[in-house]
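For reference, the structure discussed in these notes is given below.
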Amino acid sequence: MDPLPSPPPTSATPSDDVKRRLATPVEFIRGVGPGRAQLLERIGLRNAGHLLFNFPRDYQDLSNERTIEQLEEGRLQSVRGVVAEISATSKGFGKSRLAVLISDGTGHLRGMWFNQPFMRDRFREGMHVLLTASPKMRGLMWEMSHPQVTVLADEEATLDAKLLPVYSLTEGLSQYHMRRIEQAAVEEFADQLEEVFPSPLLKRYKLMPLVEAVRAIHQPADREVLEQARRRFIFQELFVLQLALSIRRSEQRQLKAYELPATAKVDARIRRLLPFELTASQEKAITEISADMALDRPMNRLLQGDVGSGKTIVALYAMLVCVANGRQAALMAPTEILARQHAETLAKMLEESRVEWALVTGGNTRSERDETLRRLAAGEVNLIIGTHAVVQESVKFKDLGLIVVDEQHKFGVRQRSALRQGDVAPHYLVMTATPIPRTLSMTLFGDLDFSTLDASPAGRQPINTYLVEPEQEPRWWHFVGERLREGRQAFVVAPLVDESENMPAPSVAEAFERLTNGELAEFRVGLLHGRMTSGEKQDVMERFRSGETQVLVSTSVIEVGVDVPNASVMTVLGADRFGLAQLHQLRGRVGRGSRAGYCGILLEATNEEARERLESFSKSNDGFALAELDFEYRGPGDLFSTQQHGMPPLRIANLMTDRDILEEARREAQLLVAADPGLKHADNAPLRQQMMTRYGKSLELGDVG
Ligand code: ADP
Ligand code: MG
């Protein structure tokens, strides 16, 4: 079951009297009192309304409960019993084993945990627990490996609900008490809630009414009822989101932008600066972008193309069109390394031109930066390249005409409008190598236009990817060594591992130690990771670019766009830590020159599923297909999340798995906004208030109504 959200949405917008009731402090709710009230406050639950919308994060399914005697092998089942014996053994090196013997009067069952010493503290002899897992017969005893555990209060030892809610907790507050508190809140306050949806809408989409849904989500009679309740809240959440986006869109349409036409003369002047012939898909993108920029309303376009497809030059073209029209252009990169790289490309192109440009990064001194910012504000600089921080720090432009955001969609609405001057907004181009499924982006950003670079510049070599079994490692390193001796360069990528994590994985620092004392001892090796200062990073990168170091051992900071054509081999350690789309980006670093690129994925102690995933990866060179695969294996991650776009996170809905509901919600929201643009009708007041509470700030919705 999908986890449900814990923070409390304010879901109803009832009349004042009811509002007051729902604002009853938790302290006055049965089973709470001042002590627990403080604990609840810690997780943001201050009043009755908060409790009602503090949905369970999961449910314990008791419908497949069995006595130990009735257990069957290989099916998910639950057993309720008393802890009879606990035995923990530790073998050092983080290896430990915990066995908990449960008895239910019909037999015994052993729960087993490996390398999770903290589990020991959850059990006491004599306590009631519910274990859920798929059991196996071991010798003469049933065994569950890493079962889900629910500690039951004595009263619950004989409870007969089919689905037991599981809430997020805080230290000092037990699941049992939380359940009782929630139950009390639901009994006492749920019927106070006022419906936010007009009733025709409830009917049309067969949505469970609010009061019923709140009850059902806390105390579902069965799975089906629970699904109905969840569907209602998912619909509500997505509907409110779509309302907000729809209203924002209509507000956006009123914005103006500078007209920046790419006249024949401008076009010819820019083309003289380009270092190579453009590909057909680059030409097409440029045509689309130029058409947008010629209009007096802001362009809002996504340029997507696989790694190495040549997005940068398209962006630079657009920026030069802007500058030719006498307006300023800004390019923002996600990392300093990338900002620098773009600056180098630009510097080469502009050697002979009078365009004034500047680079601002965290590496500048205070006074350098102040000077650049002053010149920007005065209009003495036409074109600026920098990291995202550039804009976050409220840079003042004289008249910004175009903003380009590289490799990132995390540039929120608010940062964008910070760059607006009165009613005039800059044209906006965002570049990404991470494919967004079209249906999704259409729904989320209906006003975003797409340009796609679908062919790589001619001469690009495919990247050969190998899965390297542990026994083949010496051969792989031998191969890497040969490339290095031929004068090529190499990347080694490893995850940056936090000491707080308890998953074993090679960290980048360890890898550096090991390799420089072993396989790569005879070569010049550099180390790069995101925790270095920007000066350090720049040094390391510069030495690699110039060929002074032959190998760069790095975290995924090189994922986005680093361009060193002489690097043709990459070795990836701890690959199952990365998503496939991310690995694809990484691998793209060695397909840049005219020689074939090689990527070796060291399999180490990789599990079956990860191996299967990496297997598909080694066979595909298609970033879009890999992104879809990633999604299948790993779920949506936060790639498609609202946070990526500067909005608050969704609490219950999931943009990928709830796509059907998203579609319905979108259609209905558009109808509503068309019929009542300001949401002024009294029936719509609750929805309007909810929308403003949730998105008013992040989407900068004007005071509609
Ligand atoms: P990405 O889309 O990943 O940002 P880049 O813009 O960094 O790709 O381009 C990748 C490489 O291809 C760069 O070295 C760039 O100079 C080169 N390139 C881009 N367009 C062309 C072209 N039309 N002909 C030849 N090389 C090109
Ligand atoms: Mg790029």
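Modelled spin-label separation between S594 and A378, with each label point placed 7 Å from Cα along the Cα-to-Cβ direction: 4.6 nm. Once the Cα atoms are used to define both axes, helix 623-634 deviates from the longest principal axis of the chain by about 20 degrees. With a Förster radius of 51 Å applied to the beta-carbon distance between R667 and K95, the computed FRET efficiency rounds to 0.40. Between M532 and E85, the contour length at 0.36 nm per residue exceeds the Cα-Cα span by 156.0 nm. Fully extending the segment from N566 to T67 would add 173.1 nm, taking 0.36 nm per residue of separation and subtracting the current Cα-Cα distance. Legend: distances between Cα atoms for K396/K680; K537/K619; K398/K680; K256/K680; K284/K619; pairs beyond 28 Å are K396/K680; K537/K619; K398/K680; K284/K619.
Think of each Lys and Arg Cβ as +1 and each Asp and Glu Cβ as -1; about the Cα centre, that makes the dipole of the chain roughly 1320 debye. Considering helices alone, the calculated mean residue ellipticity of the chain at 222 nm is -11000 deg cm²/dmol, with DSSP H runs of length four and up weighted by -39500 (n - 2.57) and normalised per residue. Note on N115 and R524: their simple-model spin labels are 3.9 nm apart, each label 7 Å out from Cα toward Cβ. Only lysines eight or more places from K348 in sequence, or on another chain, were considered; those with a Cα closer than 18 Å are K311. Of the trypsin sites (Lys or Arg not before Pro) found in the stretch 74-181, those that fall in a DSSP loop while having at most 12 other beta-carbon atoms within 10 Å are R75, R124. Residue separation of E371 and D399 scaled by 0.36 nm, minus their Cα-Cα distance, works out to 8.3 nm of gained length. Once you have a ≥ b ≥ c as the square roots of the Cα gyration tensor eigenvalues for the stretch 463-620, tell me rounded if a/c is under 1.5, and otherwise prolate or oblate according to whether a/b is larger than b/c. Here the stretch 463-620 falls in the rounded category.
Could you work out the relative contact order of the stretch 63-160? I mean the mean sequence separation of Cα pairs under 8 Å and 6+ apart, divided by the number of residues, in percent.
So the answer I get is 28 percent.
Expressed as a whole percent, the accessible area of the stretch 652-703 that falls on carbon and sulfur atoms is 50 (1.4 Å probe). Of the trypsin sites (Lys or Arg not before Pro) in the stretch 331-372, the ones in a loop by DSSP (not H, G, I, E or B) with at most 10 other beta carbons within 10 Å are R354. In the full protein context, the chain carries 45 Å² of accessible surface per residue, based on a 1.4 Å probe and ignoring ligands, DNA and RNA. Measuring how big the stretch 312-384 is from its alpha-carbon positions, Rg and Dmax come out at 11.9, 32 Å.
Each label was represented as a point 7 Å from its Cα along the Cα-to-Cβ direction; for T106 and R57 these points are 3.2 nm apart. Pairs of Cα atoms nearer than 8 Å and 6+ residues apart set the relative contact order; for the chain it is 13 percent.
Overall shape: oblate for the chain, with the ratio a/c of the largest to smallest alpha carbon gyration tensor axis at 1.5 or above and b/c at least equal to a/b. Of the accessible area of the stretch 112-208, computed with a 1.4 Å probe over protein heavy atoms only, carbon and sulfur atoms account for 51 percent. Simple point charges give the picture: +1 on the Cβ of Lys and Arg, -1 on the Cβ of Asp and Glu, and for the stretch 463-620 a dipole about the Cα centre of about 760 debye.
Could you give the distance between the Cα centres of the stretch 63-138 and the stretch 276-305, to the whole Å? When both Cα centres are located, 61 Å separates them.
The values are calculated or read from the model by the stated rules, or taken from the named source; none is laboratory data. Here the structure is a predicted model, which is why all the values come from computation and not from measurement. Because the Cβ atoms are built from the backbone with ideal geometry, glycine has one as well, and the counts that use them run over all protein chains shown. Quick note on the areas: whole protein, heavy atoms, side chains included, nothing else; ligands and nucleic acids left out. Shrake-Rupley method; radii C 1.70, N 1.55, O 1.52, S 1.80 Å.
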